[in-house]
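The values are calculated or read from the model by the stated rules, or taken from the named source; none is laboratory data. Since the structure is predicted, the reported quantities are computational estimates derived from the model, not experimental observations. Positions of Cβ are backbone-derived with ideal geometry, glycine not excepted, and every protein chain shown enters the neighbour counts.
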Amino acid sequence: MVDHESPLKVGMIGLGAVAEAHLAGAVNARGTKVVAAAEIDPDRLAEMTGRWQIKGYPDAAEMIDAEQLDIVCVLTPALTHRKITRLAAERGVHVLCEKPMAITLSDCRTMIADCERCGVKLGYGSTFRFLPAVRRAKEIVARGEVGHVLFLTEHYVGGKGPEAWHGYGPHHYPTGGPGGGGMGLVDHGIHLVDIFRWLTASEVETVVGRGNISGGEPKTEFITMVFGCGAVGQLIYNEITFSSDLPAEGIFSMGGRWSTDGRILPGGAWDSHPLSIRVHGTKGALRIFPYANHLFQFTGHAITQIPLDGAPMPGNFTTQLESFADCVRHDLEPEATGEDGQRSLAVVLAAYQSAAEKRLVSPDQLS
């Protein structure tokens, strides 16, 4: 039974780079309190729990049992998510799971079933949905202000050459399977797959693309998605070449962003290579800067900068945790569900199958 008066007790499982943003966001989250964290690396455990003044445990099960938690944030590598989710669910603890939800669709289905069987919520960590510029763009699209959405795109091109590139190793993604680096299709692009689904309120029908293989040589990754509503979404990533952006093509960032080594960089500085999402429709277009926290609307010959409410990155982690806690308190469906995580992974895996079989693939064929 959830206590509607006291803050919900939260535990973090895994204290890698993404935990920095989760903890920074959780400090300001109403109705919750992070009380503990579990991490198998003793040095990292001591550093992070000391800095954030929370209890530390070397084992997730020990932490859950000792602290009587309400929520765990699963921040470990994706290949561990199924096991940890079951562990928490069987102890009656609600689960907010980072992306990718898992490395296989079978694992996704198991996680969803385990949480349903145990009567706990399973939230999917689509943190982009909680960025102010993206949330406002969703409202504009839903009101029909850009008309029928025709095309959505995002890309990341940059790096310091192949010799300087370091992909996520087998502790993240098993060798020989889908993998790559932090700004590639599996680890970053899966965010945009979910956001494109969310903005269009439509599912992906067919996919063509290719992605990096864990342990393999890096290459250009891409995915082209055709949605049921007729829109086309496209993502292109290359982490081993050099950016060709000119200085004037950057933007003054009003929000935090990730560095290439996983650190959070604060806002209030010039960002030479800001990530941006473009949405084109029959009545206009949007340019969304998720991390820099800017939104521009194009209608005919007019360009309008849209004012934004809410906290920019890492404030999106605050908003996400507050939203999930509200769902736990009031027995509501999470804003991003386990099913959303499964569908997004299916789209990404369809790109890999497309490359292997040299054909268009329907994600539904993989489910």
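Summary of values
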read-out: Answer residue from the stretch 130-188, given it is among the charged types (D, E, K, R) and under 18 Å from the mean Cα position of the chain (by Cα) and is farthest from ALA350 (Cα to Cα) among those; value: ARG136
read-out: Subset of the stretch 278-329 that is among the polar types (S, T, N, Q) and buried (at least 21 other Cβ atoms within 10 Å of the Cβ) - its residue that is farthest from ARG135 (Cα to Cα); value: THR318
read-out: Some residue of the stretch 42-64 being touching a helix residue (DSSP H, G or I) at 6+ places or on another chain (Cβ under 8 Å) and within 22 Å of GLU335 (Cβ to Cβ); value: no
read-out: Check on LEU275, in the same structural domain as LEU152 (by TED's automatic domain parsing) and either surrounded by fewer than 13 Cβ atoms within 10 Å (Cβ to Cβ) or touching a helix residue (DSSP H, G or I) at 6+ places or on another chain (Cβ under 6 Å) (or both); value: no
read-out: Which numbered condition GLU67 misses (of (1) within 25 Å of GLU339 (Cβ to Cβ); (2) touching a residue at least 24 places away in the same chain (Cβ under 8 Å)); value: (1)
read-out: Leading residue by the ranking (nearest to the chain's Cα centre (by Cα)) among those in the stretch 350-367 that are part of a helix (DSSP H, G or I), over 11 Å from ARG210 (Cα atoms) and not charged (D, E, K, R); value: PRO363
read-out: Any hit, the stretch 221-231, residues being surrounded by fewer than 17 Cβ atoms within 10 Å (Cβ to Cβ) and more than 29 Å from GLU139 (Cβ to Cβ); value: no
